[in-house]
Amino acid sequence: MLKIVFLGPPGAGKGTQAKRLSARLGLLHLATGDMLREAVAQGTTLGQQAQAIMARGDLVPDALVIAMLMQRVAGADAARGFILDGFPRTMPQAEALGRELGGGVDAVVLLEVPEDELVRRLLARGRADDTEKTVRNRLDVYRQQTEPLVAFYGARTRVHRVDGVGAIEAVQDHILMALDVEQEAKR
Ligand code: AP5
Ligand code: MG
């Protein structure tokens, strides 16, 4: 069972790369942003709680996100392992994940992209939370609440810093080289 966490600022390519890697390795891709957007689209209680928070670019309360994610991590489709994208992004989330998994995660991939490129990518994409104001806030929230996880994981497991600038396939190759897990996952 392989447990990989993707870290990186908004627009770094976590979703793009985690999706490809999960298909390649046969691991479940769990993206809390996608799950929350689905909840918003379906109008569930969680979606109603999350909608305005996401529109501002703030974080949905830990308790809600942790409950949502832990359900999926414990599911049968996660038995071979999973790639987390967008979770954890606060210290309490990282601690909750550590408790749930016992042994922690196997590897962390940190996608590094300069801020001007992040802003350029997000404004070009135009998701509901890709407005100039919200993007600035998402970047601030990342620096304040999520970036400390790099040191948290650095003390516990391998954190692979990967340059997220360049062709999507080239970035994927660098991730695969850094992880060197393809063989392991196929066993
Ligand atoms: P979430 O959906 O996780 O958004 P994010 O972290 O802000 O990041 P993005 O999804 O925008 O970027 P990404 O790194 O996935 O890059 P992508 O591959 O899309 O979270 C949204 C909101 O949900 C949060 O603000 C919060 O409110 C809430 N939330 C989610 N998880 C939470 C949690 N754990 N706790 C609390 N709240 C939570 O790529 C971006 C763009 O760049 C795309 O257009 C893509 O095509 C392009 N691109 C990708 N790679 C390249 C490349 N190599 N070259 C050029 N363009 C590229
Ligand atoms: Mg994403």
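Bear in mind that the values in this text are calculations on the coordinates, not laboratory data. Computed from a predicted structure; not experimentally measured. Neighbour counts run over all protein chains shown; Cβ positions are idealised from the backbone, glycine included.
For the chain, modelled as a GNM whose springs connect Cα atoms under 10 angstrom apart, the maximal fluctuation among Gly81, Gly102, Gly164 occurs at Gly102.
Taking other Cβ atoms within 10 Å as a rough exposure proxy, Lys19, Lys3, Lys14, Lys133 sort from fewest to most as Lys133, Lys19, Lys3, Lys14. Cβ under 11 Å from Arg158's Cβ, Arg158 left aside: what net charge do those residues give with Lys, Arg +1 and Asp, Glu -1? Net charge in that neighbourhood comes out at 0. Residue by residue, region 145-158 carries 3J(HN,Hα) couplings of 10, 9, 4, x, 5, 4, 6, 4, 6, x, 7, 10, 8, 6 Hz when phi is fed to the Karplus relation 6.51 cos²θ - 1.76 cosθ + 1.60 (θ = phi - 60°); x denotes Gly or Pro. Under a model in which nothing but the beta-carbon of Lys, Arg (+1) and Asp, Glu (-1) is charged, the chain shows a dipole of about 240 debye around its Cα centre. Per-residue Karplus couplings for region 166-172, computed as 6.51 cos²θ - 1.76 cosθ + 1.60 with θ equal to phi - 60°, are listed in order as x, 4, 4, 5, 5, 5, 4 Hz, Gly and Pro entered as x.
By the count of other C-beta atoms within 10 Å, a proxy for reagent exposure, Ile175, Ile168 are ordered fewest to most as Ile168, Ile175. Note on Arg99 and Ala41: the extension gain reaches 17.8 nm, defined as 0.36 nm multiplied by sequence separation minus the Cα-Cα distance. When the alpha carbon gyration tensor of region 42-187 is reduced to an equivalent ellipsoid, its three semi-axes come out at 25, 22, 15 angstrom, largest first.
Under 17 Å from a label point 7 Å along Cα→Cβ of Asp140: give me every residue in region 56-93 with its amide N that close. Output list for this probe position: 56-60.
Counting lysine pairs in the chain whose alpha carbons fall under 20 angstrom apart, excluding pairs fewer than 8 residues apart on the same chain, gives 4. Close amide H partners of Leu110, meaning residues 5 or more places away or on another chain with modelled amide H under 5 Å apart, are Leu7, His160, Arg161, Val162.
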